Amino acid sequence: MNHDRFPLEAGITRLQEALNSGEWTSEKLVHYYMERIARYNETINAVLEINPDAEFIASALDAERAHQGPRGVLHGIPILLKDNIDTGDRMHTSAGSVALKDSIAASDAYVVKKLREAGCVLLGKVNMTEWANFMSDHMPSGYSSRGGQVQNPYGPGLFDVGGSSSGAGAAVAANFAAAAIGTETSGSILNPASQNNIVGIKPTIGLVSRSSIIPIAHSQDTAGPMARTVRDCAILLNALVGEDRQDPVTKLATYYAEKDYTDFLHIDGLKGKRIGVARSRFYDELPEDVLKKMDAAFQIMRDLGAEVIDPVEIPYADAEENIDVLIYEFKPALNAYLSKLAPHVPVHSLRDLVAYNGENAERALRYGQSLLEASEMTSGTLADSAYLQARRNDLRYARSGIDRVMTENNLDALAFYSSRGAGIAAKAGYPSICVPGGFTSAGEPVGLTFTARAFEEGKLIEMAYSFEQATSFRKAPIL
């Protein structure tokens, strides 16, 4: 493969065509991405480790293609994984924490099994905001004690890289792999997608398995695809969805998952759609440069045949900021995960983790651990009256707030800047997609997010694809 002629921004479909024609091999693709990581990761600091078996897996998939044909569109495609997703191989899973730097999972997470079955090459693990940004009130996006600070490829040291799937966002933007898998509890896919000029899908709770992913909160956690195009995200989403017997909520996927999310890649997908803009609270105090880009995006939607209802009012929107449910759900979820780790790992409970960090404060506590300590103070039983009331309120306010504004205005989606609005959608368990919306005058990426009701990922893909194809705002960073 001639690297000079390699299409830097090649999508999964184009890569698969080249693999099928023999123009490239999966092994050469792995070498190409490894070369880019070697050249630019010192600046971006997105990739934590390379899978030592990646080249051999790619070579085996090349042989399988030659003798049996490809498994599908993801056969031989190199993918990166966020460092909180278990892989039963020789890579570590640490959530960015030095306490887990030597932890190797006993088996694959369900989503990893699905990726392997589809023929993906797991190229490596990417850095992230430590403990998915549920460690401290003062943790900057993209920092972890294990991996250090991830930088935004569009302005290292200048622009926020977004969190907590910061390494995934930066790595995909920098073309370190074809795509990546991130996770979100509240904004952790949408925010780095916006900040790194890529596409990210936060699925409905129940569509994608949560098992064997280092958790924050069972009510909001999900994995999701991050890629340079809407098409690539749809392809990856196809591979991720499905019922996992270890995760009861995914029984819903049996009934509500679409057969093929690429069926929604319609260039006229915004025509006739009604999009609501919740100005109050969600657009307050945005920089003028960002507001101009968002207003321009709304005009583009109108030009594409959408009706933009601006403004609309989301009832109970102020409930978005409350994180009581996360404080209570984190302890039992993390204790369950840590209790299964190998004996050599120094922590097997949240209490152990808080103590370990205190004993290794110089390295482990650069920004403190206020959220870990607050969660450790809870009972860990989920029987606390404060938790039960908070969970009830989250569901009532978030779902009824979104449902009401969408029903009253006959909306297909709500439109937000970046991860503004991610909190209320996360509490409701509803899906969102972020698509590039341009750049500020300073060169910082701006992301447009569409949010809909449960299991309406197809509709979101339809609208995002139409916007993406009309604008082509995605640009590779100059490294």
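Of these, ALA174, ALA227, which one is out of contact with any strand residue (DSSP E or B) (no Cβ under 7 Å at 6 or more places or on another chain) and not β-branched (Val, Ile, Thr)?
None of the others qualify; the one that does is ALA174.
Please verify whether ILE77 is among the β-branched types (Val, Ile, Thr) and either in contact with a Cys (Cβ under 9 Å, 6 or more places away or on another chain) or at pLDDT below 95 (or both), treating the condition exactly as stated.
Criteria met by ILE77.
Looking at (1) in a helix (DSSP H, G or I); (2) surrounded by fewer than 16 Cβ atoms within 10 Å (Cβ to Cβ); (3) of a type outside the set (Phe, Trp, Tyr), which is the one condition that is false for ARG71?
The single condition ARG71 does not satisfy is (1).
From THR25, THR43, THR93, THR87, which residue is among the β-branched types (Val, Ile, Thr), out of contact with any helix residue (DSSP H, G or I) (no Cβ under 8 Å at 6 or more places or on another chain) and at negative phi?
Of the residues listed, the single one that is among the β-branched types (Val, Ile, Thr), out of contact with any helix residue (DSSP H, G or I) (no Cβ under 8 Å at 6 or more places or on another chain) and at negative phi is THR43.
Quickly run through segment 270-283 and pick out the residues that are over 23 Å from the mean Cα position of the chain (by Cα) and assigned to a loop (DSSP other than H, G, I, E, B).
Result: LEU270, LYS271, GLY272, LYS273, ALA278.
So, in segment 431-466, how many residues would count as being surrounded by fewer than 24 Cβ atoms within 10 Å (Cβ to Cβ) and over 19 Å from LYS292 (Cβ atoms)?
Going through segment 431-466 one residue at a time, the tally reaches 7.
Can you run down the residue pairs with Cβ atoms below 6 Å, 6 or more apart or on separate chains, where the first is in segment 20-39 and over 16 Å from ILE79 (Cα atoms) and the partner is modelled with pLDDT of 95 or more and not acidic (Asp, Glu)?
Qualifying pairs under 6 Å: TRP24/ALA18.
For segment 179-266, please list each of the helices (runs of 4 or more DSSP H) lying entirely inside it that holds at least 2 residues being modelled with pLDDT of 95 or more, among the hydroxyl-bearing types (Ser, Thr, Tyr) and farther than 18 Å from MET128 by Cβ.
Answer list for segment 179-266: 251-256.
Anything in segment 289-299 that is over 19 Å from GLU444 (Cβ atoms) and within 26 Å of the chain's Cα centre (by Cα)? List them, or say none.
PHE298
What helices (runs of 4 or more DSSP H) lie completely within segment 340-445 and have 2 or more residues being within 30 Å of ASP102 (Cβ to Cβ)?
Counting at least 2 such residues, we get 350-359, 361-364, 370-376.
Only residues that are surrounded by 15 or more Cβ atoms within 10 Å (Cβ to Cβ) and of a type in the set (D, E, K, R): list them for segment 385-429, please.
ARG391, ASP394, ARG399, ASP403, ASP412, ARG420, LYS427
Which one is farthest from GLU362 (Cα to Cα) among residues in segment 77-124 that are assigned to a loop (DSSP other than H, G, I, E, B) and of a type in the set (Ser, Thr, Tyr)?
SER107
Of (1) touching a Phe, Trp or Tyr at 6+ places or on another chain (Cβ under 9 Å); (2) among the hydroxyl-bearing types (Ser, Thr, Tyr); (3) more than 17 Å from ASN191 (Cα to Cα), SER441 satisfies all except one. Which?
Looking at each condition in turn, SER441 falls short on (1).
Which of the residues spanning segment 40-51 are within 23 Å of LEU19 (Cβ to Cβ) and not β-branched (Val, Ile, Thr)?
ASN51
In segment 319-353, what count of residues is obtained for those that are more than 21 Å from SER211 (Cβ to Cβ) and among the β-branched types (Val, Ile, Thr)?
2
Need the failing condition index for LEU286 against (1) surrounded by fewer than 15 Cβ atoms within 10 Å (Cβ to Cβ); (2) within 25 Å of the chain's Cα centre (by Cα); (3) not in a helix (DSSP H, G or I), just the number.
(1)
In segment 36-84, what count of residues is obtained for those that are charged (D, E, K, R) and more than 30 Å from TYR337 (Cβ to Cβ)?
So the answer is 8.
Could you run through segment 417-468 and say how many residues are of a type in the set (Asp, Glu) and in contact with a strand residue (DSSP E or B) (Cβ under 9 Å, 6 or more places away or on another chain)?
Here the count works out to 3.
Which residue out of VAL308, VAL325, VAL312 is touching a residue at least 40 places away in the same chain (Cβ under 8 Å), under 19 Å from ILE402 (Cβ atoms) and part of a strand (DSSP E or B)?
One residue alone meets the criteria, VAL308.
Considering only residues that are among the small types (Gly, Ala, Ser) and under 23 Å from the mean Cα position of the chain (by Cα), which ones fall in segment 1-60?
Within segment 1-60, ALA10, GLY11, ALA46, ALA54 meet the criteria.
Determine whether segment 3-13 contains at least one residue that is farther than 20 Å from GLY200 by Cβ and in contact with a Gly (Cβ under 8 Å, 6 or more places away or on another chain).
No, there is no match, as no residue in segment 3-13 is farther than 20 Å from GLY200 by Cβ and in contact with a Gly (Cβ under 8 Å, 6 or more places away or on another chain).
Given the condition in contact (Cβ under 8 Å) with a residue 24 or more places away in the chain, under 16 Å from ASN357 (Cβ atoms), assigned to a loop (DSSP other than H, G, I, E, B) and β-branched (Val, Ile, Thr), answer yes or no: does some residue in segment 127-146 qualify?
yes
Please go through (1) buried (at least 17 other Cβ atoms within 10 Å of the Cβ); (2) β-branched (Val, Ile, Thr); (3) without any contact (Cβ under 8 Å) to a residue 40 or more places away in the chain for VAL277 and return the number of the only condition it doesn't satisfy.
Failed condition: (3).
Checking PHE298 against (1) in contact with an Asp or Glu (Cβ under 9 Å, 6 or more places away or on another chain); (2) assigned to a strand (DSSP E or B), which single condition isn't satisfied?
Every condition holds for PHE298 apart from (2).
The values are calculated or read from the model by the stated rules, or taken from the named source; none is laboratory data. All values derive from a computational prediction rather than experimental measurement. Note that each Cβ is placed from the backbone with ideal geometry, even for glycine, and that neighbours are counted across all protein chains shown.
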